[in-house]
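Single-structure report; data block below.
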Amino acid sequence: MSYELFLASRYLKSKRKTGFISLITYISILGVLIGVAALIIVLSIMNGFESEVKNRIIGFGSHIRVRTFHNQGLQNVDEVMNKIKDIEHIIGMSPYVDEKALIIATKKNQRSGVIVKGVDVTTLHKVSDIQDDVVLGTFNVGEVQTENGKTYPGIVLGRYLADKLRANLGDPVEILSPTGIGPVMTRMPYLRRFIVTGYFETGIFEFDDIYAYISLKEAQRLFGLKQAVTGIEVKLDDLNKAEEVKEVIINQLGYPYTAVTWFDMNKTLFSWMQFEKWAAFIILSLIIMVATFNIVSTLIMVVLEKTKEIGILKSMGATSKSIMKIFMYQGLVAGVIGTFLGCVIGFALCWSQLKYKFFSLPPDVYIISSLPILMKSTDFISIALAALLLCFIATVYPARKAAQLDPVEAIRYE
């Protein structure tokens, strides 16, 4: 151990003539500790929510959607699927129809705008987990027989859409397709009756409030698409490869086809979540900054208290650089202690929440029953480095002041 570090640790542990200096030292360590722990906990919670939202969005849809430019409809579905099925990382594909319409609950005379999604139930499970999100009834989009013996196609509604329509299981609903609406009003919009067979709930309000599922064939008939579809949903073995696979698909299919990833479709949401994380990081870093001001105050007072000792050290041959190191080490030791304890406490609290679920959430509001936690090593490293950097900066001014003391004047100092 160098004598600079030895003296720094002695100064940190030794009793002060003024107990106030020791108190400020402990407060500065505590401030760094609280700031680091708070940052770790808050960022881990935000990571948990982001992961939960990401999983639910991907579970509702898929990793990539293949479609045509201007959404003109994809005609040769089998040909397109055969062209891309052997691309690396693709493990599932399913055609879909995605169109806007008006839904009417005939019993309650309620109506609402709706996005009707037509799906192929034989391949849907390969790209989506929506069937697992059914909370009441079943995911039945096939033919349903009513009490009077008539058969109608089934429809599965989002939970909040069903609440708006006041539609119960077994109730009839009608979908009014915009097909036929245009400058020439010789054709009436297509109207088709369905029977409610189930409700789904993804936990994402924007999905549960506006989406309804029917069979692919019914959607093609409802919107006059014949054999065309809106696009093809693609699932990968690694969602992080979505951008890479998207480029391969675009290059392989060429015009008029294009592809969009799950991130492209939800860019605004995830960009906002990233902004929130950075905002939280900056705001909570202010706690550490306040603690570093305490380190500055402590070191300045120590310099004043140890002025005579500094003069003696200089007269014995200690260089200004060595004096500067002593006080920088002292501040950094306080920062390291606070940062280490903050990391330990932050990790312990996050781990406890993961294991014991101390903090619960109302599942009817958040869908998840407990506060989500996702700890990332990169967060721990960046927080620790930021805290130590701030502590280092805080030591520079008082350390330079100590190094600039004149040894003769310092020895005479009372």
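Residue by residue, here is whether (1) farther than 23 Å from Ile232 by Cα; (2) loosely packed, with under 13 Cβ neighbours inside 10 Å holds:
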site	(1), (2)
Glu143	yes, yes
Thr146	yes, yes
Tyr160	yes, no
Lys164	yes, no
Pro178	no, no
Thr197	yes, no
For a quick check of your reading of the model, give me the residue pairs whose first member lies in the stretch 144-155 and is more than 18 Å from Val119 (Cβ to Cβ), whose second is acidic (Asp, Glu) and at pLDDT 85 or above, with beta-carbon atoms closer than 6 Å and at least 6 apart or on different chains. Thr151/Glu143
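Which one is nearest to the chain's Cα centre (by Cα), of the residues in the stretch 213-257 that are among the hydroxyl-bearing types (Ser, Thr, Tyr) and farther than 16 Å from Asp98 by Cα? Outline the logic, then answer.
Of all residues in the stretch 213-257, those among the hydroxyl-bearing types (Ser, Thr, Tyr) come to 213, 215, 230, 255, 257.
So of that shortlist, the ones also farther than 16 Å from Asp98 by Cα come out as 255, 257.
Details: Tyr255: 34, Tyr257: 30 Å.
Among those that are among the hydroxyl-bearing types (Ser, Thr, Tyr) and farther than 16 Å from Asp98 by Cα, it is Tyr257.
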Criterion: outside any helix (DSSP H, G or I), among the small types (Gly, Ala, Ser) and surrounded by 21 or more Cβ atoms within 10 Å (Cβ to Cβ) - qualifying residue of Ala212, Ala242, Ala219: Ala212
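Here's the yes/no breakdown for (1) within 30 Å of Arg159 (Cα to Cα); (2) at pLDDT 80 or above:
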residue	(1), (2)
Phe327	no, no
Thr339	no, yes
Phe347	no, yes
Leu361	yes, no
Ile367	yes, no
Please enumerate the residues belonging to the stretch 122-143 that are in contact (Cβ under 8 Å) with a residue 60 or more places away in the chain and hydroxyl-bearing (Ser, Thr, Tyr). Ser128, Thr138
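Any residue at all in the stretch 205-213 that is hydrophobic (A, V, I, L, M, F, W, C), outside the structural domain of Pro362 (by TED's automatic domain parsing), modelled with pLDDT of 90 or more and closer than 21 Å to Asp120 by Cβ? Walk me through it before giving the result.
Taking the stretch 205-213 first, the residues hydrophobic (A, V, I, L, M, F, W, C) are 205, 207, 210, 212.
Within this subset, residues satisfying the condition of being outside the structural domain of Pro362 (by TED's automatic domain parsing) are 205, 207, 210, 212.
Within this subset, residues satisfying the condition of being modelled with pLDDT of 90 or more are 210, 212.
Imposing the further condition that a residue be closer than 21 Å to Asp120 by Cβ reduces the set to 212.
Taking every residue of the stretch 205-213 in turn, at least one turns out to be hydrophobic (A, V, I, L, M, F, W, C), outside the structural domain of Pro362 (by TED's automatic domain parsing), modelled with pLDDT of 90 or more and closer than 21 Å to Asp120 by Cβ.
Quick one: would you say Lys321 is touching a helix residue (DSSP H, G or I) at 6+ places or on another chain (Cβ under 9 Å), surrounded by fewer than 19 Cβ atoms within 10 Å (Cβ to Cβ) and among the basic types (Lys, Arg)? Step through it out loud before you land on a result.
On the way: touching a helix residue (DSSP H, G or I) at 6+ places or on another chain (Cβ under 9 Å): yes; surrounded by fewer than 19 Cβ atoms within 10 Å (Cβ to Cβ): yes; among the basic types (Lys, Arg): yes.
So Lys321 fits the description; yes.
Being under 35 Å from the mean Cα position of the chain (by Cα) and of a type in the set (Gly, Ala, Ser) is the filter here; which residues of the stretch 155-173 pass it?
First, the residues of the stretch 155-173 that are under 35 Å from the mean Cα position of the chain (by Cα): 155-169.
Hits for the stretch 155-173 are Gly158, Ala162, Ala167.
Against the condition in a helix (DSSP H, G or I), under 19 Å from the mean Cα position of the chain (by Cα) and either under 30 Å from Ala242 (Cα atoms) or in contact (Cβ under 8 Å) with a residue 24 or more places away in the chain (or both), how does Leu299 come out, does it pass?
Answer is no for this residue.
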Matching residues in the stretch 248-273 (farther than 19 Å from Leu74 by Cβ and either exposed (fewer than 14 other Cβ atoms within 10 Å of the Cβ) or in contact with a Cys (Cβ under 8 Å, 6 or more places away or on another chain) (or both)) number 4
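Among the residues of the stretch 306-317, write down those that are assigned to a loop (DSSP other than H, G, I, E, B) and over 11 Å from Ala402 (Cβ atoms).
First, pick out the residues of the stretch 306-317 that are assigned to a loop (DSSP other than H, G, I, E, B): 306, 316-317.
Met316, Gly317, listed by residue number.
Do we have Asn109 as without any contact (Cβ under 8 Å) to a residue 24 or more places away in the chain and either surrounded by fewer than 18 Cβ atoms within 10 Å (Cβ to Cβ) or in contact with an Asp or Glu (Cβ under 8 Å, 6 or more places away or on another chain) (or both) here? Explain how you work it out, then say what you get.
Numbers: without any contact (Cβ under 8 Å) to a residue 24 or more places away in the chain: yes; either surrounded by fewer than 18 Cβ atoms within 10 Å (Cβ to Cβ) or in contact with an Asp or Glu (Cβ under 8 Å, 6 or more places away or on another chain) (or both): yes.
Against the criterion (without any contact (Cβ under 8 Å) to a residue 24 or more places away in the chain and either surrounded by fewer than 18 Cβ atoms within 10 Å (Cβ to Cβ) or in contact with an Asp or Glu (Cβ under 8 Å, 6 or more places away or on another chain) (or both)), Asn109 qualifies.
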Does any residue in the stretch 267-289 that is in the same structural domain as Val336 (by TED's automatic domain parsing) and within 17 Å of Phe380 (Cα to Cα) come within less than 8 Å, Cβ to Cβ, of a residue that is of a type in the set (Ser, Thr, Tyr) and in a helix (DSSP H, G or I) six or more places away or on a different chain, and which pairs are these? none
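The values are calculated or read from the model by the stated rules, or taken from the named source; none is laboratory data. It should be emphasised that the depicted structure is a prediction, and the values quoted were computed from it without experimental measurement. Note that we place each Cβ from the backbone using ideal geometry, even for glycine, and neighbour counts take in every protein chain shown.
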